[in-house]
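The values are calculated or read from the model by the stated rules, or taken from the named source; none is laboratory data. Since the model is a prediction, treat every value here as computed from it, not as a measurement. Reconstructed Cβ throughout: ideal geometry from the backbone, glycine too, with neighbour counts over all protein chains shown. These area figures cover heavy atoms from the full protein model, side chains too; ligands, DNA and RNA do not enter into them. Shrake-Rupley method; radii C 1.70, N 1.55, O 1.52, S 1.80 Å.
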Amino acid sequence: MENRHPMTRKQKETYDFIVKFWKVEDRNPTLREMQAGLVRGEQVSPPRNSHITPYRAVKTLVKKGYIEEVVDKDIMNNRPYWRPV
């Protein structure tokens, strides 16, 4: 297994949210859904005041190799989405 940089607490919360969301919903969560921290009514991660906090965590998780950013113009009209690696 490759050696990755460790996650901060907020990055881990965001990562765990994305993983759970994929398992339950079988799709990528939006930044607003990450901000709320809810998956089908269950509080999976703490609610954030802004969608910027999860966005920053997502960008760092991509750099660290925990999730990948995918841009599919046919599916999301060139908007990126993220999935666990």
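Give me the Å³ per residue figure for the convex hull around the C-alpha atoms of the chain.
It is 99 Å³ per residue.
Quick one: pull the percent of accessible area on the chain belonging to carbon and sulfur, 1.4 Å probe, ligands and nucleic acids left out. It would help to have the intermediate numbers written out before the result.
Values: 2790 of 5720 Å².
C and S atoms contribute 49 percent here.
Using 0.36 nm times the number of residues separating ILE52 and ASP16, minus their current alpha carbon distance, what extension gain do you get?
Details: separation 36, 0.36 × 36 = 12.96 nm, distance 1.74 nm.
Stretched out fully, the ILE52 to ASP16 stretch lengthens by 11.2 nm.
Find the accessible area per residue for the chain; the probe is 1.4 Å, ligands and nucleic acids are left out, and the unit is Å². Present the calculation step by step, with values, prior to reporting the outcome.
On the way: 5720 Å² over 85 residues.
Averaged over the residues of the chain, the accessible area is 67 Å².
Hey, rough spin-label estimate for VAL24 and ARG9, points 7 angstrom out along Cα→Cβ, what's it come to in nanometres?
Taking the simple label geometry, VAL24 and ARG9 are separated by 2.2 nm.
Grab the DSSP H runs of the chain that are 4 residues or longer, score each as -39,500 (n - 2.57), total them, divide by all residues and round the 222 nm result to the nearest 500 deg cm²/dmol.
-14000 deg cm²/dmol
Given H placed 1.01 Å from N in the peptide plane, which residues other than close sequence neighbours of VAL39 have an amide H under 5 Å from its amide H?
VAL44
Excluding same-chain pairs closer than 8 in sequence, count the lysine pairs in the chain whose Cα atoms lie under 19 Å apart.
Close lysine pairs under the 19 Å cut-off: 10.
What number, in percent, do you get for the relative contact order of the chain if the mean sequence gap of Cα pairs under 8 Å and at least 6 apart is divided by its residue count?
Details: 107 pairs, mean separation 23.8, N = 85.
The value is 28 percent.
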